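K.L.:
First the structure, then my questions, so here it is.
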Amino acid sequence: MQKEKNLLKDLAAIRKKAGKVRDIDVLTDYAAGLEADGKDNCRVWLIEHLGAERKNDARKLHRAITSHANSVRSGLKSASARLEKILCANGDKKTCDPIEAMAQATASALKLESKLFDPAHLSRNNLHPYRLKVKELHNVLRTGVNSTHHEFVETLNSVKDSIGEWHDWEELLATAKKELDHANCKLIRELKSTADRKYAEALAQAESMRKKYLQIDRGRKSLRKKKALQNLHGRPQGQWQRRRTRMMFVLSASWQ
């Protein structure tokens, strides 16, 4: 298990630094598309600042890759064999039970889906953390062959991306406020307007997903959650049956 822990630790270090480079690239692309500039060349100043940040983050990423390359390469090569030993009794692939594997995957997906009932009301303070729950469920379901054209999986992906885009605009706005310290900046006003619009779009998509697939109405959420938790503990009725069938359909082809 120590080898797996070390591999995950090394991958996390690389992934974190790669994520920062990716974030700067996205923010730079957004900044380049802004219309407002003004006499102080705010847009150019902001892009130059982002460029300097990217250079610094790219340097850190390169150091991380160089430092962990050998251990990650070695760990990934043996990961498949170790996973097979964990998933299959005695390391014998013939003893793997696809029915049991699908049952475990379905149970895991249903447990993750149940997390989407919280919080009771989505807001600016909890919408981005809520995205992590959506992303976690989407990552599990997209492993299913049937996931490619399944409406629920596509909806999860759309909600995840929409919230992520809003958060990126908020990050760009925060950076601009910090770096552009002059008053009455047209660029900051444009950024705030865009961030507000992206928030409204992301919130609408998330609420629509919750209403359609989880049957959550803002005023009736507590009752819905109570029923969902009851079903999760062994009462396969109505909505629970539909949720279970949906998960099994998406995941089933992965285990055939």
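K.L.:
What spacing in nm lies between the two simple spin-label points modelled at Glu48 and Arg197, each 7 Å away from Cα in the Cβ direction?
P.N.:
Inter-label distance under the simple model: 2.8 nm.
K.L.:
Oh, and also: Can you compute the modelled spin-label distance between Arg59 and Asp25, with each label point 7 Å from Cα toward Cβ, in nm?
P.N.:
2.0
K.L.:
When a/c reaches 1.5 or more, the comparison of a/b and b/c decides; with that in mind, is the range 145-194 rounded, prolate or oblate per its Cα gyration tensor? Write down the numbers at each step before the final one.
P.N.:
Numbers: a/c = 7.14, a/b = 4.08, b/c = 1.75.
Prolate shape, in that a/c is at least 1.5 and a/b is the bigger ratio.
K.L.:
Once the Cβ-Cβ distance between Glu154 and Leu132 is put in as r, and R0 is 22 Å, what FRET efficiency do you end up with, to the nearest 0.05? Display every interim value, and only then the final one.
P.N.:
Details: r = 19 Å, r/R0 = 0.86.
The calculated FRET efficiency here is 0.70.
K.L.:
When the chain is fully extended, how far beyond the present Cα-Cα distance does Ala107 get from Ala32, taking 0.36 nm per residue of separation?
P.N.:
Values: separation 75, 0.36 × 75 = 27.00 nm, distance 4.48 nm.
Between Ala107 and Ala32, full extension yields 22.5 nm more.
K.L.:
Still on this structure, please answer the following. Give me the distance in nm between label points sitting 7 Å out from Cα along the Cα-to-Cβ direction at Glu179 and His121, one decimal.
P.N.:
Between Glu179 and His121, the simple spin-label model gives 3.6 nm.
K.L.:
Once you charge only the Cβ atoms, +1 for Lys and Arg and -1 for Asp and Glu, what is the size of the charge dipole of the range 1-77 about its Cα centre, to the nearest 20 debye? Don't skip to the answer; put the middle values down first.
P.N.:
Working: 17 positive and 11 negative charges, 159 e Å.
Once rounded to the nearest 20, the dipole reads 760 debye.
Quick note: the coordinates plus some simple rules give every number you see, no bench work behind them. All values reported here derive from a predicted model rather than from experimental measurement. Glycine also receives a Cβ, built like all others from the backbone with ideal geometry; neighbour counts cover every protein chain displayed.
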